[in-house]
Number of protein chains: 2
Amino acid sequence: MAQKPSVPKGTRDFGPFEMSRRNYIFNTIRGVFEKYGYQPIETPVMENLTTLLGKYGEEGDRLLFKVLNSGDYLAKANSEWLEKRDSLRLSTSICEKGLRYDLTVPFARFVVQHRNDITFPFKRYQMQPVWRADRPQKGRYREFFQCDVDVIGSVSLLNEVDLIRMIDEIFQHLKINVVIKLNNRKLLSGIAQSIDAPEKLTDITTAMDKLDKIGVEKVYEELRSKGLSQDAIDHLEPILNLSGNNTSKLNCLKELVGDTADGSHGLFELGTILQYLKSFNLKAKVEIDQSLARGLNYYTGAIIEVKAEDVKIGSICGGGRYDNLTGIFGLPDVSGVGVSFGADRIYDVLTELELFPEDAASLTKVLLVNFGEKEELFSLGILEKLQQAEIASEFYPEPAKMKKQMKYADQKQIPYVLLIGEEEMNSGKLTLKNMVTGEQKKWKIEEIIKIIGA
Amino acid sequence: MAQKPSVPKGTRDFGPFEMSRRNYIFNTIRGVFEKYGYQPIETPVMENLTTLLGKYGEEGDRLLFKVLNSGDYLAKANSEWLEKRDSLRLSTSICEKGLRYDLTVPFARFVVQHRNDITFPFKRYQMQPVWRADRPQKGRYREFFQCDVDVIGSVSLLNEVDLIRMIDEIFQHLKINVVIKLNNRKLLSGIAQSIDAPEKLTDITTAMDKLDKIGVEKVYEELRSKGLSQDAIDHLEPILNLSGNNTSKLNCLKELVGDTADGSHGLFELGTILQYLKSFNLKAKVEIDQSLARGLNYYTGAIIEVKAEDVKIGSICGGGRYDNLTGIFGLPDVSGVGVSFGADRIYDVLTELELFPEDAASLTKVLLVNFGEKEELFSLGILEKLQQAEIASEFYPEPAKMKKQMKYADQKQIPYVLLIGEEEMNSGKLTLKNMVTGEQKKWKIEEIIKIIGA
């Protein structure tokens with residue numbers, strides 16, 4: 001009995017229909033990236049484990065897919081770990097490679113490895129799958145796609161402006177209403193400094209990050225449990241309850257943390273970016289969100305996150321500035337800033353809001369019906385003419401029943417069918433059927449090329 | 001000390017320059033595939049090992065990259081193999097997944113798994129990387145790209161004709177002169193039958209396959225060593241020394257093997273395909289090659305191989321008809337035919353013959369020089385206008401020295417540079433420099449959009 005075929009848990013096949021939708025997203029994003037001067041790169045699916053391990057925390061290390069060494073891998077395996085059945089430790093002695101976990105670390109590795117061939121500031125984008133051995137669930141896959149765009153080697157805040165403008169234009173094209181949330185890592189440091197508790201930075205931001213989910217009272221509770229004094233919490237209260245437009249938020253924050261070095265620096269950066277953005281006609285709302293703290297250990301300046309307004313779903317794009325990403329690979333002090341678009345979540349948003357364009361998955365414009373041997377060569381000649389005119393066309397490969405051939409055209413959503421029987425061959429006027437309207441009329445091939453090619 | 005970053009042996013990074021060349025190849029191939037009515041699919045990078053193992057022979061099984069199970073994989077490992085340090089056997093008990101080895105087996109799996117959603121005949125293409133733990137050498141990688149195009153669910157020879165026409169058109173676009181070699185698996189069976197040695201089919205084809213490399217005398221020697229009688233070898237002699245045009249080859253083969261059932265069937269198929277092709281104006285040479293035997297255990301009808309005429313390199317495209325590919329997954333009697341384009345070898349051919357178009361890797365059309373704070377907002381307004389006109393453009397993010405900014409434009413091969421200083425802001429006439437001719441002239445932004453956008 002043959003096995004029932006399936007794909008590994010958390011992975012997916014993409015048929016023609018899903019491909020056309022995915023390509024719609026990728027092409028939209030790519031088009032904007034390239035219009036702003038970003039160039040594509042691609043890195044290998046496998047990276048050396050030395051490149052990946054230790055970059056994503058302990059949890060990340062666990063979630064890496066590791067690739068077994070070829071050949072007699074046990075000969076070189078660590079005997080102690082093998083005898084102790086220590087799966088975790090043994091893995092690094094029988095595996096040298098792993099599947100990439102994100103596009104950021106491979107990008108940092110790329111920049112350092114090729115630094116002598118790169119023109120800085122280096123504006124690159126990368127659209128490739130990544131893998132995580134997470135428990136699969138609705139909307140979370142073990143193989144999923146990221147679209148990253150970064151500029152590295154420039155500290156100018158104009159780069160942040162560039163990225164935010166691209167985010168706005170991409171979601172405008174995709175017709176998704178979004179809010180772009182902005183924060184700054186230095187502002188977060190300033191907040192911790194303003195209550196004389198710089199060592200509590202992580203506790204404070206972790207608690208603040210939950211504001212949306214658990215509400216302000218629970219955040220206070222958590223802060224108390226982390227050892228913050230009532231004085232400190234009183235000081236944080238207006239920050240947690242920050243409201244109004246960006247200007248009033250900036251003013252309020254200036255009062256509360258503007259006298260700390262980091263706070264003042266962070267507020268300057270936030271203000272400058274917002275000031276630049278005023279001269280552009282953005283469709284997206286851009287708002288300061290002082291509770292935003294994604295990737296805290298990683299970002300050093302701007303923090304950016306994008307939410308869809310009309311769908312309840314996590315962020316669909318996010319990123320920020322990092323001042324020392326390439327340091328881990330021996331190239332310190334290179335500042336970069338970038339964002340990552342979550343292609344799978346964007347796919348889900350477009351599906352839920354029914355925003356995918358109605359184009360058929362098939363690009364074929366016309367199907368030539370196969371009537372049999374007598375009409376075959378004549379039909380092949382017509383096929384050649386259509387294709388030479390760059391019209392995507394197919395000749396049904398077998399003289400099957402008309403019903404079957406029409407069903408084929410229908411299922412592939414081919415808009416025209418061409419019927420070439422004896423009469424058509426004699427008159428040179430071919431019957432063209434419009435599959436949408438059902439209309440049927442005779443034309444010369446030159447006319448048909450004009451009609452379909454238009 | 002930070003580690004020196006590198007990629008795993010046999011894998012490669014693709015920077016903007018390589019990407020633009022790779023995209024040139026992929027886009028050319030894709031454009032033709034779609035014009036002929038083929039639709040894209042993609043399958044996951046990882047497949048279940050049960051899907052992959054046993055499909056590529058013992059050697060293939062060894063060359064599969066296996067992915068270590070997550071979690072405590074040793075807990076479920078086979079103790080006997082573990083204690084015996086049996087690397088090969090143990091691997092199937094600690095790995096459930098592997099990286100795909102080609103696109104054919106995943107395609108067969110896809111067809112069977114989704115058979116109820118597929119419109120047959122199913123014309124699909126797939127362009128994705130594959131992995132083999134081969135010893136890396138010049139031109140052979142462990143991660144490389146295949147572009148497969150197949151039609152499944154139709155026995156019509158018109159499909160073979162379709163594929164050969166696509167091969168011709170693709171290499172015409174790429175400006176590579178090619179010979180398309182044609183053979184037929186049934187003809188090979190007929191040859192073995194004609195000397196009453198059907199059981200020697202593999203020996204005969206293996207020896208014949210070496211004709212180009214070792215010469216006819218060595219082939220005779222090999223056949224003798226495999227136990228073929230002098231009579232048999234005398235009968236094979238005219239087949240081995242077959243020459244002349246396709247018609248004379250067909251006639252000669254008809255005489256020698258036309259009275260065997262398989263031989264006659266194979267010759268009919270070969271002849272029919274060649275007859276069809278006469279009605280098209282192909283640029284490539286199509287010639288019968290009776291020694292062609294690639295993938296013998298796999299193909300059942302046509303065998304196709306494409307060689308570049310002006311470069312010494314292995315085949316750059318190949319394939320054939322298979323009558324039972326999906327049988328291994330429980331769906332017997334579905335015939336298909338397809339070919340695979342070797343993107344990496346095509347890349348090497350285009351490089352060697354200097355056939356890549358001279359387009360710059362960067363798509364940016366114009367760089368706006370950054371003069372500093374005073375001109376900044378004005379320049380950003382111009383940037384916005386250019387981008388709204390769909391002209392790819394960049395504003396250098398920092399007021400760096402002119403020389404540095406010009407070098408950036410130069411290295412990215414940006415064809416125009418826009419200089420906006422005080423005078424330009426006052427007059428509204430901006431200085432446009434053509435980076436190719438060095439010419440420099442003042443224009444209004446509306447004029448510039450016309451010049452660059454053209």
Q.
Quick test of your reading of the structure: residue B:433 fulfils all but one of (1) under 21 Å from residue A:280 (Cα atoms); (2) without any contact (Cβ under 8 Å) to a residue 24 or more places away in the chain. Name the failing condition by number.
A. (1)
Q: Pull up the range B:55-81, narrow it to residues that are free of Cβ contacts under 8 Å to residues at least 12 places away in the same chain and part of a loop (DSSP other than H, G, I, E, B), then point me to the one that is nearest to the chain's Cα centre (by Cα).
A: B:70
Q) Looking at the range B:288-377, what strands (runs of 3 or more DSSP E) fall wholly within it and have at least 3 residues that are in contact with a strand residue (DSSP E or B) (Cβ under 9 Å, 6 or more places away or on another chain) and closer than 30 Å to residue B:199 by Cα? A) B:302-308, B:317-322, B:336-342
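Here's the yes/no breakdown for (1) open to solvent by less than 20 Å² (accessible area, probe 1.4 Å); (2) within 7 Å of chain A (Cβ to nearest Cβ):
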| residue | (1), (2) |
| --- | --- |
| B:100 | yes, no |
| B:114 | no, yes |
| B:140 | no, no |
| B:143 | yes, yes |
| B:149 | yes, no |
| B:157 | no, no |
| B:173 | no, no |
Q: Would you mind finding the one in B:355, B:331, B:363 that is within 24 Å of the chain's Cα centre (by Cα) and over 30 Å from residue B:426 (Cβ atoms)?
A: B:355
Q. Restricting to the range B:102-116, what's the tally of residues that are of a type outside the set (A, V, I, L, M, F, W, C) and closer than 15 Å to residue A:8 by Cβ?
A. 3
**Q.** Scope the range B:266-293; condition of a type outside the set (Phe, Trp, Tyr) and either free of Cβ contacts under 8 Å to residues at least 12 places away in the same chain or open to solvent by 70 Å² or more (accessible area, probe 1.4 Å) (or both); matching residues
**A.** B:275, B:278, B:279, B:281, B:283, B:285
Q | Matching entry among B:183, B:177 (being polar (S, T, N, Q) and open to solvent by less than 10 Å² (accessible area, probe 1.4 Å)) | A | B:183
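If you go through the range A:110-132, how many residues are over 24 Å from residue A:157 (Cα atoms) and within 22 Å of the chain's Cα centre (by Cα)?
6
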Q) Within the group A:70, A:93, which residue is more than 7 Å from chain B (Cβ to nearest Cβ) and hydroxyl-bearing (Ser, Thr, Tyr)? A) A:93
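Each row is one residue, and each column tells you yes or no for (1) within 23 Å of residue A:180 (Cα to Cα); (2) open to solvent by 70 Å² or more (accessible area, probe 1.4 Å); (3) of a type in the set (Phe, Trp, Tyr).
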position	(1), (2), (3)
A:215	yes, no, no
A:218	no, yes, no
A:232	no, no, no
A:237	no, yes, no
A:243	yes, yes, no
A:255	no, yes, no
A:264	yes, no, no
Q: Scan the range A:380-409 for residues that are more than 10 Å from chain B (Cβ to nearest Cβ), open to solvent by less than 30 Å² (accessible area, probe 1.4 Å) and not β-branched (Val, Ile, Thr) and jot them down.
A: A:405
Q | Restricting the range B:256-287 to residues that are among the hydroxyl-bearing types (Ser, Thr, Tyr) and part of a helix (DSSP H, G or I), the residue that is nearest to the other protein chains (Cβ to nearest Cβ) | A | B:276
Q. Of everything in the range B:321-341 that's at pLDDT below 95 and away from every other protein chain (no Cβ under 14 Å), which residue is least open to solvent (accessible area, probe 1.4 Å)?
A. B:322
(Q) For the range B:1-33, which positions are at the interface with chain A (Cβ under 7 Å from one of its Cβ atoms), modelled with pLDDT of 95 or more and open to solvent by 40 Å² or more (accessible area, probe 1.4 Å)? (A) B:6, B:12
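Rundown of residues vs (1) of a type in the set (A, V, I, L, M); (2) over 14 Å from the mean Cα position of the chain (by Cα); (3) more than 14 Å from residue A:343 (Cβ to Cβ), yes/no style:
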{"position": "A:134", "(1), (2), (3)": "no, yes, yes"}
{"position": "A:139", "(1), (2), (3)": "no, no, no"}
{"position": "A:144", "(1), (2), (3)": "no, no, no"}
{"position": "A:149", "(1), (2), (3)": "yes, no, no"}
{"position": "A:154", "(1), (2), (3)": "no, yes, yes"}
{"position": "A:157", "(1), (2), (3)": "yes, yes, yes"}
{"position": "A:162", "(1), (2), (3)": "no, yes, yes"}
{"position": "A:169", "(1), (2), (3)": "no, yes, yes"}
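The values are calculated or read from the model by the stated rules, or taken from the named source; none is laboratory data. Keep in mind the model is a prediction, meaning the values are calculated, not measured. Positions of Cβ are backbone-derived with ideal geometry, glycine not excepted, and every protein chain shown enters the neighbour counts. Keep in mind that these areas ignore ligands, DNA and RNA; they rest on the heavy atoms of the full protein, side chains included. Shrake-Rupley method; radii C 1.70, N 1.55, O 1.52, S 1.80 Å.
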